Amino acid sequence: MKIAFVGKGGSGKTTLSSLFIRHLAAAGAPVVAIDADINQHLGPALGLDEAEAAALPAMGDRLPLIKDHLRGSNPRIASADTMIKTTPPGRGSRLVRVTEPDAVYDACARPVELDGGAVRLMVTGPFTDADLGVACYHSKTGAVELFLNHLVDGPGEYVVVDMTAGSDSFASGMFTRFDMTFLVAEPTRKGVSVYRQYKEYARDFGVTLKVVGNKVQGPDDVEFLRAEVGDDLLVTVGHSDWVRAMEKGRPPRFALLEDGNVRALETLRAAADATYGLRDWERYTRQMVHFHLRNAQSWGNERTGTDLAAQIDPGFVLGESVATPA
């Protein structure tokens, strides 16, 4: 299952995504964790110190390698240089599986040992001084979008993405790449403003969106969120001594997480798992094509000097039964 955590800055989306990742790992599920926020807080939230987090290989810095690998023998893609962040796979493309070895994982993923399990962690890479005035953060997150376009995942497999704050992910089609999107919202007017933006943008694309109320202190906060987001409110989370200890760099064993928070994480997993039966690979592929054509027309054709519409394989539908070429 492909799962995104979104929300405004400071809402707690990274903390909740890290707890969910720990919960899945403790249950023995295979997990790929991706930090697609250029502020890069997911590694430390999973227990890495500053030096370890800084040493993680940035996907944005390895985009040429990622493109060259995913291109495979696809005859519709003349060269890796003509691939952009929205390039969809076709016959001959290399597809990535959650549990199988892959050159993208070799280059970009590192194992993170957690209490009760381990996950693969991938990061976009930070926005550095060298990028100022030269690149936008989409040059970093584009590597994640390309990876997701070529990813085939099955039931009981999880790819959890900590997205960039706010509604910036709508600048590309990445918001349509997920089976479930958890929007983390505080019980304030600002806290639900991103929800309204997401709901509006996602309405025409079949995005499954559920709200996780965070920093909830009592029934009044719950009622506020319920009034603002209605049935999209899935669960609420309050203060956690375990989280406070984690933020100080001294997390207890994960088995000691408060019962209420464990139940909340179980609710998140059940909601994510329930979307598996709703999968529509034809719609998923069609949305890839839609956003690829939009990006091609607005900037991609001019930048690459190529008609990127020719990269679309009209007879190809991504799905679990699609074989990966040798």
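The values are calculated or read from the model by the stated rules, or taken from the named source; none is laboratory data. Only a predicted model underlies this, so the values are computations on that prediction, with no experimental measurement involved. Glycine also receives a Cβ, built like all others from the backbone with ideal geometry; neighbour counts cover every protein chain displayed. What goes into the accessible areas is simple: the full protein's heavy atoms, side chains included, and nothing from ligands, DNA or RNA. Shrake-Rupley method; radii C 1.70, N 1.55, O 1.52, S 1.80 Å.
Of note:
- Here His292 clears all of (1) touching a residue at least 40 places away in the same chain (Cβ under 8 Å); (2) part of a loop (DSSP other than H, G, I, E, B); (3) in contact with a helix residue (DSSP H, G or I) (Cβ under 8 Å, 6 or more places away or on another chain) except the condition numbered (2).
- Residues of region 198-228 classified as over 24 Å from Met1 (Cα atoms) and open to solvent by less than 90 Å² (accessible area, probe 1.4 Å), total: 8
- Flag if Thr267 is of a type in the set (Ser, Thr, Tyr), surrounded by fewer than 17 Cβ atoms within 10 Å (Cβ to Cβ) and not in a loop (DSSP other than H, G, I, E, B): yes
- Any hit, region 286-298, residues being of a type in the set (Gly, Ala, Ser) and within 30 Å of Ala29 (Cα to Cα): no
- Condition met for Val222 (touching a Ser or Thr at 6+ places or on another chain (Cβ under 6 Å) and either among the hydroxyl-bearing types (Ser, Thr, Tyr) or assigned to a loop (DSSP other than H, G, I, E, B) (or both)): no
- Among residues of region 192-219, those that are assigned to a helix (DSSP H, G or I), over 21 Å from Leu268 (Cβ atoms) and either without any contact (Cβ under 8 Å) to a residue 12 or more places away in the chain or aliphatic (A, V, I, L, M) (or both), counted: 5
- If only residues of region 54-72 that are hydrophobic (A, V, I, L, M, F, W, C) and open to solvent by 30 Å² or more (accessible area, probe 1.4 Å) are counted, the one that is farthest from Asp106 (Cα to Cα) is Ala54.
Table: residues versus (1) assigned to a helix (DSSP H, G or I); (2) at pLDDT below 95; (3) open to solvent by 10 Å² or more (accessible area, probe 1.4 Å); (4) within 27 Å of Gln311 (Cα to Cα).
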position: Phe5; (1), (2), (3), (4): no, no, no, no
position: Gly10; (1), (2), (3), (4): no, yes, yes, no
position: Ser18; (1), (2), (3), (4): yes, no, no, no
position: Pro44; (1), (2), (3), (4): yes, yes, yes, no
position: Glu52; (1), (2), (3), (4): yes, yes, yes, no
position: Asn74; (1), (2), (3), (4): no, no, no, yes
position: Ala78; (1), (2), (3), (4): no, yes, yes, yes
position: Arg91; (1), (2), (3), (4): no, no, yes, yes
